[in-house]
Each structure stands twice: as C-alpha cells, then as structure tokens.
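Notes to accompany the following structure.
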Amino acid sequence: MLAGSASARTREQLAAAGGPTVVVDAVRAAHDRAGAVAETLDGIRADLAAGRLPIVSAGHDAEAIAAAQTALGVGAAADAVEAVLAEVALAAVAELGVRGLLVAGGETSGAVTRALGVRALRLTRRVDPGVAWASGRATAVAGEPVLGVLLKSGNFGGVDLLTRAWEEAP
C-alpha cells in the first residue's frame, strides 16, 4: 500500500489498517530523493521478510505534513512525496516482484502509473463507490508484468477500505 494522500479520510483509513509501517518524510524526500527511496525500500523489504503487508505513507501525520508544507511549500512537498512513491512503486515491481499495489491519492496514483508505464487499466472488482481493483501492464518493467492495482482519491471509500480492499484483492 502506498499512500501519498494527506486527506482526513485516508488518514482514518491508514489508522484502521494498523497505520503505516514505513514513513516517507517529505523534507528528506525533497533534499535526498535517492536516500528516501532506498530507506523506503529497506522498510518494505523488512515488512515482506516478516510476512507483513507494507503500508507506506507520507500523509498519515497532520503535524508532519504541516511542517513539511511550511518548510518546502505545499506544491514542492507534494511533488517530493509523489516522486519518491513513484520510484518506490517501480522498484517494488521491478526488483521485489510485487504484483499488487493499492495507491491512495489522486496525484500519487498518476505518478505511480506513469512511472510503471501503465497506459490502460481493466476494472476487475468494485470495492466501494468510485473505487475498484483493476489490472494493467507495467510497460516500464522488464517482461511487462500484469499488476493488480487499486487507485483511490484521498477522500474516497469507507474507513475500512484499505483493509477490505487488500483482503478482496483479485
């Protein structure tokens, strides 16, 4: 799960899912993107090795978001987070063999699908109004694997959406 959204609903959904296991710091992402990507991937690897679902978030802590927006500006903070999450998604698919991604945040969803080279999606399973699992080919990855993806805007879905969606993944 990758969450770039800072919406109240996404924060509620992350809390209901058990909270993030890997946190992306927007200020670090802006000043050291490669380091932020490497640190995030290390956290994902540790979660996978322990049998945990990695939940990566940059938008779960309202105070940290406000501090990053003050330090960087709203647009620059968002751009830094989206760039890191897009690179993390690409590396997770290409290097770690991940074949299912749940992405929270409209701009983050766009950044992730662009990085993966996903040009078309086929809806496969509705989870909530306006939220569905889909499948698409990651053309930016060797072998162009087919991925299961759920892309949601920040305020979409019930509080338990992330947990339900992952449990119902095709």
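What the table shows:
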| quantity | calculated |
| --- | --- |
| Asp32 vs. criteria open to solvent by 60 Å² or more (accessible area, probe 1.4 Å), more than 14 Å from Leu96 (Cα to Cα) and either at pLDDT 95 or above or among the acidic types (Asp, Glu) (or both) | yes |
| Of the criteria (1) touching a Phe, Trp or Tyr at 6+ places or on another chain (Cβ under 8 Å); (2) part of a helix (DSSP H, G or I), which one Leu53 fails | (2) |
| Criterion: open to solvent by less than 60 Å² (accessible area, probe 1.4 Å) and over 15 Å from the mean Cα position of the chain (by Cα) - qualifying residue of Ala58, Ala64 | Ala64 |
| Residues of region 145-162 that turn out to be surrounded by 14 or more Cβ atoms within 10 Å (Cβ to Cβ), closer than 24 Å to Leu96 by Cα and out of contact with any helix residue (DSSP H, G or I) (no Cβ under 6 Å at 6 or more places or on another chain), as a count | 5 |
| Condition check for Val131: over 16 Å from Ser57 (Cα atoms) and either open to solvent by 20 Å² or more (accessible area, probe 1.4 Å) or in contact with a Phe, Trp or Tyr (Cβ under 6 Å, 6 or more places away or on another chain) (or both) | yes |
| Options Thr124, Thr108, Thr139: the member that is touching a helix residue (DSSP H, G or I) at 6+ places or on another chain (Cβ under 9 Å), open to solvent by 30 Å² or more (accessible area, probe 1.4 Å) and either assigned to a helix (DSSP H, G or I) or farther than 22 Å from Arg45 by Cβ (or both) | Thr139 |
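The values are calculated or read from the model by the stated rules, or taken from the named source; none is laboratory data. All values derive from a computational prediction rather than experimental measurement. Every residue, glycine as well, gets a Cβ built from its backbone with ideal geometry; the counts of neighbours run over all protein chains shown. Heavy atoms of the whole protein, side chains included, go into the accessibility calculation; ligands, DNA and RNA do not. Shrake-Rupley method; radii C 1.70, N 1.55, O 1.52, S 1.80 Å.
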